[in-house]
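Here the structure comes first, spelled out in structure tokens, and everything after it is commentary.
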Amino acid sequence: MKLPRLGTWAYYGIVGATLAFVVAPLLAVIWVSVFVNKIIGFPPTGYTLKWYANAWALVDFREGFLLSLQLALLATAIGLAIGVPAALALARARFRGKAFISTLLLSPMMVPGVVAGSGVYLYFIQIELLSGVQLAATLPGLIAAHVVIVIPWVVRLVTTALLSVSENVEEAAQNLGATPLQTFWRVTLPIARPGLVAGALFSFIVSFTDLEKSLFLVGPGRTTLPIAIINYLEWNLDPTIAAVATVQIFIIGLALVISDRYVKLSRAF
Amino acid sequence: MTQAAHASLLRPRGGTTGTLLAPATIVAVVLLVAPLFLLLRYSLNRFDPGSLMIEALTLENYVKFFTDPFYRDVLGRTIHIGVVSTAVCVVLGFLPAYFIARTQSVKMKSLLIIAVILPLLMGNAVRVAGWMVLMGDSGVINAAVMKLGLRSEPYRLLYTDLAVLIGTISVQLPFMIITLQSVIESIHPSLEEAALGMGANHWQVFSRVLLPLSMPGVVVGTVLCFIMGMNAYATPVLIGGPTFHMMAPKVYEQITKANNWPFGAAMAIVLMVTTLVLTMLSSWLMARMSGHGSVEAKA
Amino acid sequence: MSYIEFHRIEKRYGSFHAVSDFALSLDKGELVALLGPSGCGKTTTLRMLAGFVPVSGGRITLGGKDITELPAHRRNIGMVFQGYALFPHMTVAKNVAFGLEMRRLNREEIELRVKEALSRVRLEAFADRLPKQLSGGQQQRVALARAMAINPDVLLLDEPLSALDARLRHEVRAEIRQLQRELGLTTLIVTHDQDEALSMADRLVVMNKGRIEQVGSPAQLYEEPSNRFVAEFMGKTNFLEGRREGPADFRTTHGSLLKSSGDGPAAASCLSFRPERARMVPVDASDEPNLNTLEARVQLFTYLGSVVECRLESSTGQPLLVTRANTSGVQRAGLTEGARVKVRWSPEDSRLLA
């Protein structure tokens with residue numbers, strides 16, 4: 001679109017400003033995390049990395065980080081284990097009620113975190129009352145809740161990837177002598193692999209960063225990193241918390257950059 | 001027949017399909033659908049400060065919610081924030097989305113997309129921290145303003161309606177941009193060129209070609225942005241301050257702090273239903289306005 | 001000696017008959033083309049032979065063995081798909097090697113056969129490229145090499161030339177034909193392009209709505225179409241409606257009496273002749289009672305380079321088409337648009353059809 005000159009400046013101006021707005025909070029956090037002074041003031045008197053060490057020394061953050069990491073990895077693994085087969089069925093099989101199942105599996109994305117979280121929390125308590133098995137504020141409980149969050153992402157991304165493998169290519173493989181199993185292993189999966197990787201990485205990300213749902217399911221000594229951050233922020237705003245937040249930024253950023261090699265990121269939405 | 005058994009993997013049929021779908025479906029039903037029904041059931045119970053929850057089938061929680069001006073206000077404010085932030089996102093999101101979609105250089109486009117998606121997936125916790133750093137009394141914005149001598153005292157930016165809006169928009173905007181970008185990319189540039197060639201000015205190209213064609217994307221983006229806005233937790237709590245009440249924090253409060261499960265559950269249901277109704281309404285409205293009969297939002 | 005036999009093959013989808021009563025035998029080393037409009041069932045038939053579509057009725061035998069129930073991956077059939085279906089994540093060499101790996105040949109043998117296959121299609125230099133780095137024509141040759149590398153019993157080609165541009169099509173046609181002859185490969189091609197079929201096939205099978213209309217050599221189908229559909233499908237034909245009036249006589253609906261070769265059904269309802277078998281003479285030319293003649297007015301010339309096509313309308317309102325080879329430059333003596341001429345052709349070239 002070729003714009004008249006004044007319009008061009010306005011165009012680039014608005015675009016630039018909006019993108020700056022979007023990125024601003026992240027940059028602010030990263031910047032503050034290396035300030036020397038504990039009380040945030042501008043301009044900063046100097047720069048240091050000590051707050052990162054400080055953050056790691058704080059039990060809440062260290063354990064929060066490890067729990068979030070553990071949770072994300074487990075939820076992703078389980079999510080893949082049950083989501084990929086489902087994606088396969090959705091991509092290939094013909095059956096009545098496919099739209100229904102598809103909506104069902106993608107619905108966790110539509111249910112607000114607070115609603116889902118409160119529901120699961122009360123549900124776990126009810127189970128505890130009935131069977132004596134505690135699930136709220138436990139790791140298994142968190143894992144179960146996170147698997148639900150993760151499934152839509154796996155299903156969506158892997159189904160798209162599988163649909164991109166043309167039927168002809170699979171037929172060609174069989175024509176050349178590959179059994180259906182060999183075809184799946186040597187042709188279908190490798191071609192769909194980018195989608196699988198993206199599914200895994202996005203699952204990791206949404207689990208790691210989840211806040212609203214996990215709120216109800218954490219307990220003393222067992223909290224996730226985002227919740228630890230929120231708790232800290234209710235009382236303090238200092239470079240330490242900025243350092244913790246920056247760590248999360250870098251982890252997610254890394255996951256995204258890796259994803260980008262495998263899948264056109266915008267397609268995930 | 002062995003052929004059929006093996007072929008099942010590539011073209012699942014009958015029993016195999018069931019096996020493939022079962023685990024995920026069971027998880028969804030057991031851990032999503034069932035809890036929601038439980039919430040619904042609890043919302044009909046009675047709250048008693050002594051024994052916490054009494055089995056009942058009463059609508060008193062809902063009545064309490066809707067007859068109490070305080071809570072009506074909470075819902076109203078939540079809807080207000082949801083609607084305004086979403087509307088701003090739609091307006092602000094289009095140009096950046098267009099810019100990214102039409103960027104020629106692959107590297108640049110990748111970079112821009114990551115720049116937009118990164119804030120999106122950062123997590124509300126980090127984002128809120130960032131805004132607090134920016135908008136606090138001794139935050140970046142105030143420091144800059146005072147340094148430049150524009151004011152001698154800091155603006156009270158935090159704990160205002162505006163601050164919450166800004167915080168919420170910053171969550172939704174990347175999402176809107178990415179969704180729109182995807183849709184605009186699928187509109188071939190030659191359509192715009194054709195319109196320009198026929199004498200349309202830029203506004204007309206936008207309103208008569210780009211907007212109608214990208215409407216499905218606009219609808220999807222709007223729906224999801226709205227859902228996010230209605231259900232914000234971290235932003236209202238940390239940036240809104242103690243006097244700023246929205247639904248999500250209140251639900252949390254009632255269930256975990258006041259232990260009033262029936263009421264909390266009722267609020268959760270009200271939140272979900274309100275979001276759903278408004279979402280469907282806006283989808284329908286937008287579809288009508290753009291001249292489409294019905295628009296299906298892709299989940 | 002028949003090598004492949006289709007015994008009364010049927011394919012039904014619910015109440016819809018995609019293929020009915022298909023009976024055909026192919027000899028070893030023959031190249032047969034299945035020809036017909038979209039939806040005529042030719043691709044479905046090919047895919048039944050390949051094993052991708054289960055047969056609803058009838059049997060298929062290969063080399064005497066009944067393969068009807070044999071799964072696709074156990075038939076030793078090489079297939080080139082429309083769109084080539086190359087494995088996008090494998091190099092050219094790996095693509096070609098795939099079938100050999102499935103047959104568990106050892107490494108050296110595979111390398112050797114891949115080299116051989118690639119050199120046969122002149123693509124040795126591209127062994128390490130990925131399919132997306134190749135042009136359409138090159139991809140097609142890789143697909144061919146891949147299918148032939150396994151030494152198949154039969155070669156199947158599904159619309160092999162449809163994605164190629166005109167010039168490439170000619171080249172590739174000849175290449176495929178030559179390769180097939182060299183290797184003595186029994187081949188079945190599906191195409192909707194009759195030029196392709198005519199130029200490549202030993203025998204043609206014209207199909208329509210799931211049934212075989214006619215089987216024969218290219219010359220047979222062109223010169224002696226058994227019904228109107230085949231006549232119309234193979235090249236251009238002039239049709240004159242009317243009815244038979246004797247062993248060799250035909251009266252058109254407009255009253256003209258024409259002579260035919262005498263063959264054809266008793267209840268023939270039209271007389272057909274090919275545009276290239278007719279010629280135009282000036283309207284005052286002398287009579288030739290042994291030839292069929294119709295008066296007509298020239299409507300449009302189409303200059304096609306080696307051939308000039310002429311549309312006319314007879315004095316009775318019949319549309320006619322006459323083509324002539326451009327043997328003497330642009331010589332349009334007496335052939336201006338609007339001119340009145342006589343169209344003449346021999347009864348030997350007139351076929352009566354139902």
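Summary of values
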{"read-out": "Given (1) at pLDDT below 90; (2) farther than 30 Å from C:Thr187 by Cα; (3) touching a Phe, Trp or Tyr at 6+ places or on another chain (Cβ under 7 Å), number of the condition C:Asn290 does not satisfy", "value": "(3)"}
{"read-out": "All positions within the stretch A:181-205 that are within 8 Å of chain B (Cβ to nearest Cβ), among the aliphatic types (A, V, I, L, M) and surrounded by fewer than 21 Cβ atoms within 10 Å (Cβ to Cβ)", "value": "A:Leu181"}
{"read-out": "C:Asp128 being of a type in the set (Asp, Glu), more than 14 Å from chain A (Cβ to nearest Cβ), surrounded by fewer than 16 Cβ atoms within 10 Å (Cβ to Cβ) and within 31 Å of the chain's Cα centre (by Cα)", "value": "no"}
{"read-out": "Filter result (touching a residue at least 60 places away in the same chain (Cβ under 8 Å) and among the β-branched types (Val, Ile, Thr)) within the stretch A:97-115", "value": "A:Val114"}
{"read-out": "Residues of the stretch C:250-261 classified as closer than 16 Å to C:Trp345 by Cβ and surrounded by fewer than 16 Cβ atoms within 10 Å (Cβ to Cβ), total", "value": "2"}
{"read-out": "In the stretch B:130-148, the residues that are within 7 Å of chain A (Cβ to nearest Cβ) and touching a residue at least 40 places away in the same chain (Cβ under 8 Å)", "value": "B:Trp131, B:Met132"}
{"read-out": "Hits in the stretch A:50-66 - residues which are of a type outside the set (Gly, Ala, Ser) and within 14 Å of chain B (Cβ to nearest Cβ)", "value": "A:Trp51, A:Asp60, A:Phe61, A:Phe65"}
{"read-out": "The listed residue being within 9 Å of chain B (Cβ to nearest Cβ) and either crowded, with 18+ Cβ neighbours inside 10 Å or aliphatic (A, V, I, L, M) (or both), out of A:Ala178, A:Ala136, A:Ala173, A:Ala144", "value": "A:Ala144"}
{"read-out": "Matching residues, the stretch A:223-245, being surrounded by fewer than 24 Cβ atoms within 10 Å (Cβ to Cβ), assigned to a helix (DSSP H, G or I), facing chain B (nearest Cβ under 10 Å) and touching a residue at least 24 places away in the same chain (Cβ under 8 Å)", "value": "A:Ile227, A:Asn231, A:Tyr232"}
{"read-out": "The stretch B:88-117: number of residues that are crowded, with 19+ Cβ neighbours inside 10 Å and either under 20 Å from A:Gln248 (Cβ atoms) or at the interface with chain A (Cβ under 7 Å from one of its Cβ atoms) (or both)", "value": "7"}
{"read-out": "Residue check, C:Val298 aliphatic (A, V, I, L, M), within 16 Å of C:Asn238 (Cα to Cα) and in contact (Cβ under 8 Å) with a residue 12 or more places away in the chain", "value": "yes"}
{"read-out": "Residues satisfying the stated conditions in the stretch A:147-170, i.e. over 18 Å from C:Thr91 (Cα atoms) and surrounded by fewer than 22 Cβ atoms within 10 Å (Cβ to Cβ)", "value": "A:Thr160, A:Leu162, A:Leu163, A:Ser164, A:Glu167"}
{"read-out": "Evaluation of B:Ile239 against (1) over 21 Å from B:Val88 (Cβ atoms); (2) among the hydrophobic types (A, V, I, L, M, F, W, C); (3) in a helix (DSSP H, G or I) (one fails), failing number", "value": "(1)"}
{"read-out": "Subset of the stretch A:78-133 [more than 7 Å from chain B (Cβ to nearest Cβ), over 18 Å from B:Val27 (Cβ atoms) and in a loop (DSSP other than H, G, I, E, B)]", "value": "A:Arg94, A:Arg96, A:Gly132"}
{"read-out": "Condition met for B:Gln172 (under 30 Å from B:Phe70 (Cα atoms), touching a Cys at 6+ places or on another chain (Cβ under 7 Å) and outside any loop (DSSP other than H, G, I, E, B))", "value": "yes"}
{"read-out": "Considering residues of the stretch B:179-236 that are part of a loop (DSSP other than H, G, I, E, B) and of a type in the set (Gly, Ala, Ser) only, the residue farthest from the chain's Cα centre (by Cα)", "value": "B:Gly199"}
{"read-out": "Any hit, the stretch A:206-222, residues being buried (at least 22 other Cβ atoms within 10 Å of the Cβ), within 10 Å of another protein chain (Cβ to nearest Cβ) and over 15 Å from the mean Cα position of the chain (by Cα)", "value": "yes"}
{"read-out": "Search result, residues across the stretch B:178-191 that are polar (S, T, N, Q) and more than 7 Å from every other protein chain (Cβ to nearest Cβ)", "value": "B:Ser186, B:Ser190"}
{"read-out": "Some residue of the stretch B:92-101 being closer than 30 Å to B:Gly264 by Cβ and of a type in the set (A, V, I, L, M)", "value": "no"}
{"read-out": "Residue within the stretch A:251-258 that is modelled with pLDDT of 90 or more, out of contact with any Pro (no Cβ under 6 Å at 6 or more places or on another chain) and among the β-branched types (Val, Ile, Thr) present", "value": "no"}
{"read-out": "Hits in the stretch A:14-56 (condition: among the small types (Gly, Ala, Ser), farther than 28 Å from A:Leu67 by Cβ and in a loop (DSSP other than H, G, I, E, B))", "value": "A:Gly41, A:Gly46"}
{"read-out": "Residue satisfying condition, being under 30 Å from A:Ile229 (Cβ atoms) and without any contact (Cβ under 8 Å) to a residue 24 or more places away in the chain, within set B:Gln181, B:Gln254, B:Gln172, B:Gln204", "value": "B:Gln254"}
{"read-out": "Residues of the stretch C:63-82 satisfying the condition of being among the β-branched types (Val, Ile, Thr) and either within 14 Å of chain B (Cβ to nearest Cβ) or over 28 Å from C:Ser162 (Cβ atoms) (or both)", "value": "C:Ile67, C:Thr68"}
{"read-out": "Residues of the stretch C:167-188 satisfying the condition of being of a type in the set (A, V, I, L, M) and either out of contact with any strand residue (DSSP E or B) (no Cβ under 6 Å at 6 or more places or on another chain) or within 20 Å of C:Phe229 (Cβ to Cβ) (or both)", "value": "C:Leu168, C:Val172, C:Ala174, C:Ile176, C:Leu179, C:Leu183"}
{"read-out": "Enumeration of residues in the stretch C:76-114 that are among the hydroxyl-bearing types (Ser, Thr, Tyr) and under 24 Å from C:Leu46 (Cα atoms)", "value": "C:Tyr84"}
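Every residue, every condition in (1) within 12 Å of chain A (Cβ to nearest Cβ); (2) at negative phi; (3) of a type in the set (Gly, Ala, Ser), yes or no:
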{"site": "B:Pro154", "(1), (2), (3)": "yes, yes, no"}
{"site": "B:Leu165", "(1), (2), (3)": "no, yes, no"}
{"site": "B:Thr168", "(1), (2), (3)": "no, yes, no"}
{"site": "B:Leu173", "(1), (2), (3)": "yes, yes, no"}
{"site": "B:Met176", "(1), (2), (3)": "yes, yes, no"}
{"site": "B:Ala200", "(1), (2), (3)": "yes, yes, yes"}
{"site": "B:Val205", "(1), (2), (3)": "yes, yes, no"}
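The values are calculated or read from the model by the stated rules, or taken from the named source; none is laboratory data. The structure presented is a predicted model; accordingly, all values stated were derived computationally and were not measured. In this analysis, Cβ positions are derived from the backbone assuming ideal geometry, glycine residues included, and neighbour counts consider all displayed protein chains.
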